[in-house]
Structure formats: C-alpha cells, structure tokens
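Worksheet for the structure shown next.
All of the numbers you see were taken from the coordinates with simple rules; none came from a lab. For clarity, every value in this text was computed on a predicted model and none was experimentally measured. When we count neighbours, we look across all protein chains shown, and the Cβ atoms used for this are built from the backbone with ideal geometry, even at glycine.
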Amino acid sequence: MLFHILITMVRRKKKKKKFNFLTKVGWLETLRQYYDNCVKHILNSVINILKKDKTKKFVWVETQWIDLWWKEASKDEKETLREIIKEKRFEFILGAWCMSDEATPTYSAIIDQVTLG
C-alpha cells in the first residue's frame, strides 16, 4: 500500500516551502517501524515549529499517523496540537485513513481507496 505525507509550511510573506514524503509501507519497513523511524519525528518537529512560529501553517493528509501519534502523546503535546488546530494552523485534508493513490483512474476508485484504505 502506498502512503503519502504532504507537508506544506506557509509563511506570511507568501513564501511557501513544500515537502513531499513518499514511501511504500511494508516494502522496507512495517507501518510501525516507519512511524517510529520517520513519521513521529516529522509530527513532533512540525508541532514544535508551529508552537514557536505563529506565521507558519501545516497540512496533513493521513489520519492513521495522527492516531498513532495521539496514543503516545503527552497531555501537553495533545493540548498544543489542539491549540494549533483551533488557530487553523494545522489542517487535516481529505480526512481519510490514507491518501488515495494518484494512479486511481476513476472517481469511484478514489472513494474505494479512502473508504477501504
């Protein structure tokens, strides 16, 4: 299964930095290994950056990673994320467990992908 993490950091001065991470979970690492080795650090870093710099925004796609992060997060980390979300600086897009594969040829295939994972 193909997972994507799309990260967008936006500055007030209209300068944009975009980062796109692409991996095939289960190819070299399990879902858990990939989370522990990569995704957890991305989320922690981004949340710390957003906490310190109110000019930045962040967009996240797959809720499965947030679910894993949330289960391990401290009370303070959860509260920080809540605040950043309320400020509309951390945004969930698509709202699915995983992002649809760009190779899906039809609208119904995209719905199946986000519904079934």
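Taking Lys and Arg as +1 and Asp and Glu as -1, the other residues whose beta-carbon sits under 12 Å from that of residue 64 total 0.
Coupling constants for the stretch 32-37 follow from the phi torsions by the Karplus curve (6.51 cos²θ - 1.76 cosθ + 1.60, θ = phi - 60°), and in residue order they are 5, 5, 5, 4, 5, 8 Hz; glycine and proline get x. Residues in the stretch 55-69 carry Karplus couplings, in order, of 8, 9, 10, 9, 10, 10, 9, 7, 6, 4, 6, 5, 4, 5, 4 Hz; the curve used is 6.51 cos²θ - 1.76 cosθ + 1.60 with θ = phi - 60°, and Gly or Pro positions show x. Taking amide H atoms as placed 1.01 Å from N in the peptide plane, the amide H of residue 90 lies under 5 Å from those of 58, 85, each 5 or more residues away in sequence or on another chain.
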